[in-house]
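Notes follow the structure.
The values are calculated or read from the model by the stated rules, or taken from the named source; none is laboratory data. Predicted model, so just to flag it, every value in this text is computed and none were measured. Heads up, the Cβs are rebuilt from the backbone with ideal geometry, glycines too, and the neighbour counts pull from every protein chain shown.
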Amino acid sequence: MAIMRQFGLLVWKNYLQQKRQILVTLVEIILPLLFSGILIVLRQKVACKDFPNATVYESYAVDRLPGIFVMQHLQLAYVPGNSSVVRQVAEDVRTHCFVCGMRVWMRGFETEEHFENYVRNDPQSGKLLAAVVFEHPFSHDDEPLPLKVATALMAQCSRIIVGKNDQSLKDSSAPGRQMWSHN
């Protein structure tokens, strides 16, 4: 009962306040109606475009990988391979991929140049799905990962764009910063 009494007093107080400030009350009512009306009129004036051949993509769950990745033995590379912190991050990624149903081998490289040589020359690099480069000069094996570290993520073109093979990506002026392609 006390709650209803307090609610009634609050409504009465608000009524008296609105009654004393008639101009403010009118502005509070008219402006939202005016802007709503403007939006409705503008929406009616815009012509709708019909796209008969529009592509509609089916929804998919983001917590599972597409079937193309599940049955393959893929590699994920990381640079630098001589840091225990980076190796631990890579192992955490491998564990998470295994939980998602993806068989992944992790491969570490000492430098980005070693990684690029592997991609260009080794036939096993066709199984390489992606690579991450931690751009921090680790001075020793046990150095912790800094709070802010720049990374570069590289993905293989032939896995993303099926059937495309562009030599210009492999021989680009900024190696390791774009996607690579594999013959």
Taking the criterion of being at pLDDT below 90, surrounded by 10 or more Cβ atoms within 10 Å (Cβ to Cβ) and out of contact with any Gly (no Cβ under 6 Å at 6 or more places or on another chain), would at least one residue in segment 59-66 satisfy it? yes
Pairing a residue in segment 95-106 that is assigned to a strand (DSSP E or B) with any residue that is modelled with pLDDT under 80 and of a type outside the set (S, T, Y), where Cβ atoms lie under 6 Å and the two sit 6 or more apart in sequence or on different chains, gives R103/H73; V104/L74; V104/C97
Is it the case that L76 is modelled with pLDDT of 80 or more, more than 22 Å from E143 (Cα to Cα) and in the same structural domain as P144 (by TED's automatic domain parsing)? yes
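What tally of residues in segment 107-119 results from selecting those that are farther than 14 Å from A155 by Cα and in a helix (DSSP H, G or I)?
5
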For residues in segment 118-155 being free of Cβ contacts under 8 Å to residues at least 12 places away in the same chain and closer than 17 Å to A77 by Cβ, which is surrounded by the most Cβ atoms within 10 Å (Cβ to Cβ)? D122
